[in-house]
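The values are calculated or read from the model by the stated rules, or taken from the named source; none is laboratory data. Values in this document were obtained by computation on a predicted structure and should not be read as measured data. Don't worry about glycine lacking a Cβ; one is built from the backbone with ideal geometry, like all the others, and counts go over all protein chains shown. These accessible areas exclude ligands, DNA and RNA; they are computed on the full protein's heavy atoms, side chains included. Shrake-Rupley method; radii C 1.70, N 1.55, O 1.52, S 1.80 Å.
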Amino acid sequence: MPLHPPTGPHPPMPLHPPTGPHPPLPAPDPAPSDSMVGAAVIDPGSSAIQPVTRLATSPSLRTLPSVVPFRAPVRGDMIRNGSVGVYFMGEYIGGGSYGDVYECTDEWANPLVAKVLKPAMSFEEVRRQWESEVNNLSRMRHPNITYIYDAFFYDNAFYIIVEKCLYSLDRVLSRIDESWLPHIARDVLQALAFIHRHGHVHKDVHPGNVFVSLTSDVMDNEHGPRVSFKLGDLGITRVETDIRMVGTIMAPWMLPPEAMDPASFGTVGRPTDVYHAGLLLLSVLRRQVPQFNEAEILAGVPQQVAQSLHSPYASALANALRPRVMHRTQTPLEFWREIQAALQYVGSASG
């Protein structure tokens, strides 16, 4: 299946996309993992009309109490965004630290996904979390970032309606191989570069937040569907000058050294996203999410594991996983150039 580079608002890079056919898409695992926060299996042959985005990002909430009753939606519920949008809830997909995710459709029967923020914090904290994610998704329009369609407050719950992808990457890690890496890397690193150009840091790049998308053009029968990878869940994305690791929920294996000991390793910033991208691609090569503990992370074990791999991409990943921020690969573009150099070596060796 050919993988064509996306045509989005970002300026053209003087780089070349991976060549050759994209590896075949495997079937996902039967049950989604707990880290999944936005995608579900759909018919790859289906093609939905893109509904017009309707964002109600500033509902009148000042009169609501700090603690309100919450009822999770169930299959068959009809959810309304005032008088401008109606959504029909489907099956529960999965959940993350901040929200639960459900299948849904709009009035046109377009398949979408509804993220409902959990009432795990105070009402005002949940509202701020919701506003942050909505604002980030609304501003950061990019082909490799999940697309937001709607956002609103309904029945004491905060909703975010986003596009529906095939599945998250963590559901197929055990069934993919090294040939996927340059395709995943190019799309995810482009998304991170776009986020960084807007002065933000994602802080939550992992296989459960990368989604496999299949795009078809019903008016073009000569070309097959195009596979792309999209970065989602911008809920904890922050302006780089306003990063606070305190209160940020992150899996222990994802904690970068600079979050544990900034005096020794540096401060959390854009290179932190590069580190997380290195962990993501390490998961691809090893076909499983790594489970490093705090001592191993501080000792640089992730870098050592990457360097020991029998892969042309080992050095690029090891450079991205250097414990000290100042010695690490600094930007997504620099990371991609190292991967592209390895990819060209693979191509010349096979030729």
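If you take the residues in region 140-155 that are more than 16 Å from the chain's Cα centre (by Cα) and open to solvent by 10 Å² or more (accessible area, probe 1.4 Å), which one is farthest from His200 (Cα to Cα)?
Of the residues in region 140-155, the ones more than 16 Å from the chain's Cα centre (by Cα) are 149-155.
From what is left, the residues that are open to solvent by 10 Å² or more (accessible area, probe 1.4 Å) are 149, 153-155.
Details: Tyr149: 21, Phe153: 26, Tyr154: 29, Asp155: 32 Å.
Going through the qualifying residues, I end up with Asp155.
Hey, among Ala318, Ala341, Ala314, which residue is under 19 Å from Glu178 (Cβ atoms), aliphatic (A, V, I, L, M) and surrounded by 19 or more Cβ atoms within 10 Å (Cβ to Cβ)? Before the answer, list the steps.
Working: Ala341 fails: surrounded by 19 or more Cβ atoms within 10 Å (Cβ to Cβ); Ala314 fails: surrounded by 19 or more Cβ atoms within 10 Å (Cβ to Cβ).
Result of the check over Ala318, Ala341, Ala314: Ala318.
Within region 156-165, how many residues are among the aliphatic types (A, V, I, L, M) and open to solvent by 10 Å² or more (accessible area, probe 1.4 Å)?
Qualifying residue count, region 156-165: 1.
Do any strands (runs of 3 or more DSSP E) lying entirely in region 97-189 carry at least 2 residues that are without any contact (Cβ under 8 Å) to a residue 40 or more places away in the chain and farther than 15 Å from Lys230 by Cα, and which ones are they?
99-105
Just to verify a result, which residue in region 197-210, among those that are open to solvent by less than 10 Å² (accessible area, probe 1.4 Å) and of a type outside the set (Gly, Ala, Ser), is farthest from Asp100 (Cα to Cα)?
Val201
Name the residues in region 259-285 that are assigned to a helix (DSSP H, G or I) and farther than 19 Å from Phe335 by Cα, would you?
Our first condition is that a residue be assigned to a helix (DSSP H, G or I); within region 259-285, this holds for 259-260, 262-265, 270-285.
Selection gives Ala259, Met260, Pro262, Ala263, Ser264, Phe265.
When the residues of region 99-125 are filtered to those that are farther than 18 Å from Asn81 by Cβ and aliphatic (A, V, I, L, M), which remaining residue is modelled with the highest pLDDT?
Step by step, filter region 99-125, then rank; the result is Met121.
Look through region 256-270, keep the residues that are surrounded by fewer than 19 Cβ atoms within 10 Å (Cβ to Cβ) and in contact with a helix residue (DSSP H, G or I) (Cβ under 7 Å, 6 or more places away or on another chain), and return whichever of them is farthest from Pro323 (Cα to Cα).
The qualifying residue farthest from Pro323 (Cα to Cα) is Gly269.
How about region 174-194: which of its residues are open to solvent by 10 Å² or more (accessible area, probe 1.4 Å) and farther than 20 Å from Pro271 by Cβ?
Ser174, Arg175, Asp177, Glu178, Ser179
Restricting attention to region 80-135, which residues are β-branched (Val, Ile, Thr) and open to solvent by 50 Å² or more (accessible area, probe 1.4 Å)?
Passing the criteria: only Val84.
Inspect all residues belonging to region 284-307 and state whether any of them is surrounded by 15 or more Cβ atoms within 10 Å (Cβ to Cβ) and within 25 Å of His198 (Cα to Cα).
No, region 284-307 contains no residue that is surrounded by 15 or more Cβ atoms within 10 Å (Cβ to Cβ) and within 25 Å of His198 (Cα to Cα).
Residues to consider are Asn81, Asn135; find the one that is over 30 Å from Gly199 (Cα atoms) and among the polar types (S, T, N, Q). I'd like the intermediate steps shown before the answer.
Numbers: Asn135 fails: over 30 Å from Gly199 (Cα atoms).
Only one candidate qualifies: Asn81.
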